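**Q** Dropping a structure here in structure tokens format, bear with me for questions.
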Amino acid sequence: MSKTVLITGANRGIGLALAKAYAAQGAQVIGVCRSCDPALRAVATQVISGIDVTQAEDVRCVVSALDEQRIDVLINNAGCWGDETLGDIHYDEMLDLFAINTLAPLRVTEALLNHLTRGSKVVNITSRMGSIEDNSSGGRYGYRASKAALNAIGKSLAIDLAPRGIAVAQIHPGFVKTRMVDFDGLIEPEESAQGIIARIEALDLAQSGGFWHANGESLPW
């Protein structure tokens, strides 16, 4: 039986690369996105578009579209970037970062609990910039804080979902050439996707709650 993988933010960048890679493995891919790229429709088994994962009603639409489908792998990939510096911080924009980077993955995971069963996996695409210990350059207040908070949420999810046999991981994809960073990265989305998938394949309950780089490095909190 092929696995079913649901990916948020699946229409471009890392999300699209993950959709393509999983489809090539024979997985059933459910792509959730604001607007559908033709490249996603070409590989996805199901596309649920017009979805803003920060909005409760939109997330309920995702649940309705799934009917009774089991999800083997849930990848909370949708996210946004912020580059705040001290003296030029826009607090409303920081709240937007928290809404999509922090609260949306929790909102989606909670809404889809009935579709996750023993052996399912939940993966939050986070950032090593959410590491407090690793912060040596400062700045980017909203982005760092939103990803640090996501890591905390992921750890709690790992504890709460363990009795259900569901493993959870926080994965940093690397510095990837995507639109979010004006394509100023070090690796291509396809390389990042392969690393993320390898970490997901290795994930089990014994490792649940961890924070890893896509290359397999364990990252400090």
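**Q** Just for segment 71-90: of the residues that are in a strand (DSSP E or B) and without any contact (Cβ under 8 Å) to a residue 60 or more places away in the chain, which one is surrounded by the most Cβ atoms within 10 Å (Cβ to Cβ)?
**A** Checking each candidate, the answer is T85.
**Q** Mind telling me which of the residues L161, L113 ends up being out of contact with any Ser or Thr (no Cβ under 7 Å at 6 or more places or on another chain), without any contact (Cβ under 8 Å) to a residue 12 or more places away in the chain and either hydrophobic (A, V, I, L, M, F, W, C) or buried (at least 19 other Cβ atoms within 10 Å of the Cβ) (or both)?
**A** None of the others qualify; the one that does is L113.
This table checks each residue for (1) surrounded by fewer than 20 Cβ atoms within 10 Å (Cβ to Cβ); (2) outside any loop (DSSP other than H, G, I, E, B).
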position	(1), (2)
V53	no, no
R60	yes, yes
M94	yes, yes
L97	no, yes
V108	no, yes
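**Q** Any residue in segment 53-69 that is within 15 Å of the chain's Cα centre (by Cα) and over 26 Å from G119 (Cβ atoms)?
**A** Yes: one or more hits.
**Q** Also: Please find, within segment 20-51, the residue that is surrounded by the most Cβ atoms within 10 Å (Cβ to Cβ) out of those that are among the charged types (D, E, K, R) and over 17 Å from the mean Cα position of the chain (by Cα).
**A** Only one residue fits best here, namely D37.
**Q** Of the residues in segment 20-39, how many are in a helix (DSSP H, G or I) and either under 19 Å from I100 (Cβ atoms) or touching a residue at least 60 places away in the same chain (Cβ under 8 Å) (or both)?
**A** Residues in segment 20-39 being in a helix (DSSP H, G or I) and either under 19 Å from I100 (Cβ atoms) or touching a residue at least 60 places away in the same chain (Cβ under 8 Å) (or both): 3 in total.
**Q** Oh, and also: Would you be able to tell me the number of residues in segment 134-174 that are in a loop (DSSP other than H, G, I, E, B) and either at pLDDT 95 or above or in contact with a strand residue (DSSP E or B) (Cβ under 7 Å, 6 or more places away or on another chain) (or both)?
**A** 5
**Q** If you take the residues of segment 181-221 that are over 27 Å from T4 (Cα atoms) and within 17 Å of the chain's Cα centre (by Cα), which of them is modelled with the lowest pLDDT?
**A** If we take residues in segment 181-221 being over 27 Å from T4 (Cα atoms) and within 17 Å of the chain's Cα centre (by Cα), then V181 is modelled with the lowest pLDDT.
The values are calculated or read from the model by the stated rules, or taken from the named source; none is laboratory data. Bear in mind that the values here come from a model prediction, so they are computed numbers and not experimental data. Here Cβ is always computed from backbone atoms with ideal geometry, including for glycine, and neighbour counts include all displayed protein chains.
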